[in-house]
1. Identify all residues within region 43-69 that are surrounded by 16 or more Cβ atoms within 10 Å (Cβ to Cβ), in a loop (DSSP other than H, G, I, E, B) and out of contact with any strand residue (DSSP E or B) (no Cβ under 7 Å at 6 or more places or on another chain); write none if there are none.
2. If you go through region 217-233 one residue at a time, how many are modelled with pLDDT under 80 and either in contact with a Cys (Cβ under 6 Å, 6 or more places away or on another chain) or part of a strand (DSSP E or B) (or both)?
3. Just to confirm my filter: which helices (runs of 4 or more DSSP H) fall fully inside region 285-363 and include at least 3 residues that are touching a strand residue (DSSP E or B) at 6+ places or on another chain (Cβ under 7 Å)?
4. Go over the candidates I317, I301 one by one and state the one that is hydrophobic (A, V, I, L, M, F, W, C) and surrounded by fewer than 19 Cβ atoms within 10 Å (Cβ to Cβ).
5. Looking for whichever is more than 30 Å from Y330 (Cα to Cα), surrounded by 22 or more Cβ atoms within 10 Å (Cβ to Cβ), in contact with an Asp or Glu (Cβ under 8 Å, 6 or more places away or on another chain) and at pLDDT below 85 here; the options are V77, V13. Which one fits?
6. Taking the residues in region 93-123 that are closer than 19 Å to L172 by Cα and at pLDDT below 90 as candidates, determine which candidate is farthest from the chain's Cα centre (by Cα).
7. Can you name the number of the only condition in (1) hydrophobic (A, V, I, L, M, F, W, C); (2) touching a Pro at 6+ places or on another chain (Cβ under 8 Å); (3) modelled with pLDDT under 90 that L312 fails?
8. Pairs only if they're at least six apart or on different chains, beta carbon under 8 angstrom, first in region 141-154 and basic (K, R), second modelled with pLDDT of 65 or more and in a helix (DSSP H, G or I); list them, first residue then second.
Amino acid sequence: MGFKCGLVGLPNVGKSTIFNQLTNLKIPADNFPFCTIKPNVGIMLVSDDRLNTLYNIVSSSKIIPAYVELVDIAGLVKGAYKGEGLGNRFLDHIRQTDLIIHIVRGFKNDNVTHIYGQIDPVNDIEIINLELMLSDLEICTNRMYRLKKNYILKRSIIDREIEILDRCLACLKENRLLKLLNLTSEEINIIDYLKFITLKPMIYVVNASRNFKDNVCIKGINDISKNEDSIVLVVYMDIRNDNFISNNKKNNNFKTLELNSDESGLSAITYHGYKLLKLKTFFTVGKKEIHAWTTTNNIKICQSVKCIHTDLSKGFIRAQVISYFDFVKYGGEKNSKKFGKVRIEGKNYHINDGDIINVLYKI
């Protein structure tokens with residue numbers, strides 16, 4: 001199990017270039033709108049130093065890390081929610097992702113046109129977010145109409161959903177993202193099937209020139225991110241050759257990163273993605289392989305192990321669990337048992353980050 005990130009933004013902001021740097025795929029990054037019509041998908045392996053530590057203890061045949069699926073979605077434009085610029089198709093792609101990575105242009109280059117003629121990162125953010133909100137508003141309105149049409153027949157079933165959607169409608173009509181409603185997990189589960197885009201966590205990646213730190217738009221982007229409780233990452237890029245420039249200084253609430261030969265850029269995106277989605281990593285360890293798996297905070301172990309194999313979930317009996325720190329401290333499973341650090345957990349156990357598990361199950 002991994003998670004899926006969707007790269008969104010206006011045309012010509014550098015989405016495909018950043019996608020290429022993160023995935024090492026060479027897709028077109030030409031200077032015209034809708035260069036990317038179908039979404040390009042890349043699988044990025046998640047760097048985790050714990051895998052190498054476990055490998056040194058167990059000497060497995062291979063290491064299999066967790067992964068992130070990255071989807072490069074074509075540029076959105078004003079009116080996308082009504083189908084402008086093939087917008088409906090692109091918005092459908094976004095709905096299938098877990099996390100939105102919003103690429104914002106913060107560089108000037110006469111050879112790279114801006115679709116609206118001027119570099120204004122704050123305005124660009126507002127354009128995209130408005131399209132996402134209007135798309136959700138349309139879906140919410142249509143769903144409310146259908147619910148009320150069937151209200152007499154199914155009143156007891158749909159009362160709760162109508163109550164939640166009423167709040168969603170009011171929020172969207174105020175041009176506010178749905179995640180600002182702070183819905184409970186129970187409320188989110190009720191409307192999850194609608195795949196509202198503005199409920200998804202978001203990371204803003206500002207594709208900037210090296211003098212971006214002096215840009216007057218920084219405060220505006222900071223204000224937006226604070227209001228939404230979003231993450232902002234800034235990449236400094238040499239436009240001439242698509243190489244990302246390293247910059248380790250912190251700028252206000254921004255986190256700067258590089259996306260070149262090392263993995264710092266990917267690590268930053270995956271770290272914040274895991275944090276926003278409340279994900280955890282657990283491991284299965286053996287002589288054949290050491291495997292990292294991803295699970296969420298709010299599900300039980302019997303559901304978490306489904307990502308390994310559905311049989312483990314269906315026939316779950318119990319699990320042997322060792323914390324990563326105990327496994328490393330005592331040099332493996334044998335000594336962990338000797339010092340009483342191996343636990344037996346039932347199906348209601350919630351996995352902790354770094355747990356090493358072995359599942360007993362019946363077919």
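1. S47, the sole residue that qualifies.
2. Residues that pass the stated criteria total 0.
3. Counting at least 3 such residues, we get 301-304.
4. I317
5. The unique qualifying residue is V13.
6. Out of the qualifying residues, it is N123.
7. (2)
8. As it stands, the answer is R143/L165; R143/L194; K148/I162, since those pairs meet every condition given.
The values are calculated or read from the model by the stated rules, or taken from the named source; none is laboratory data. For clarity, every value in this text was computed on a predicted model and none was experimentally measured. Cβ sites come from the backbone with ideal geometry, for glycine too, and all protein chains shown count toward neighbours.
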